[in-house]
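Comments concern the structure below.
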């Protein structure tokens, strides 16, 4: 089993665009793609703290649908109550038993699973920086930097040096994978 995790420092950084571009770049692979979200709606209880929805639509209307439209064999949207990491792993076990190659869009999964490859997506025009992303950066094998400029000064309250010394792949469009990234992914998958 091989796992690729795509994380990011905030919402709307380009994580799903990078994920779907990776799926498209390896059409001969039977990807099982997952989006893991923290469940925040207290009015709707999740049974056992987790809800797993297998996506069937390829219309591109949701992140999990975009995975299928890009060529994933299967796609899931997984919602988990905050603080339920044990339920996350036990809930994922049946899904993980059904495939050989997984792409997981989540920072949270990094608390429970060490992937074969972890790519963090940062967008230099998005100021928010999640605490889970700080931890994710310490586990990342590479960073895709959207809207990167060499003179970029960093996030407010965080030094520009927050990006660890690892391969950095700048791009203006997260749907267009930067040169060299595919070689890195291929090396981790083979």
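No value in this document is a laboratory result; all are computed from the given coordinates. None of these values were measured; they are calculated from a predicted model. Cβ placement follows ideal geometry from the backbone for every residue including glycine, while neighbour counts extend to all protein chains displayed.
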_Sequence of 77, 31, 152 once ranked by neighbouring C-beta atoms within 10 Å, starting from the fewest_ = 152, 77, 31
*Using alpha carbons only, how many degrees (0 to 90, rounded to 10) separate the axis of helix 85-96 from the longest principal axis of the chain?*
80
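How do 1, 120 rank when sorted from fewest to most other Cβ atoms within 10 Å of their own Cβ? List each step's numbers first, then the result.
Values: 1 10, 120 28.
Arranged by neighbour count, lowest to highest, 1, 120 become 1, 120.
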*asked:* With volume of the Cα convex hull per residue in Å³ as the read-out, I listed [x] 120; [y] 106; [z] 161; which label goes with the value calculated from this structure?
replied: [x]
_How far apart, in nanometres, would the label points at residue 127 and residue 62 be if each is projected 7 angstrom from Cα along the Cα-to-Cβ direction?_
3.2
*Pull up the DSSP beta bridges for segment 2-189 and report the antiparallel fraction as a percent, rounded to 5.*
15
*Share, in percent, of DSSP beta bridges within segment 26-135 that are antiparallel, nearest 5*: 30
*Please find, in a Gaussian network model of the chain (springs between Cα atoms separated by less than 10 Å), the residue of 130, 15, 35 whose mean-square fluctuation is greatest.*
130
*Can you give the FRET efficiency for residue 28 and residue 96, using 1/(1 + (r/R0)^6), R0 = 30 Å, r = Cβ-Cβ distance, to the nearest 0.05?*
0.90
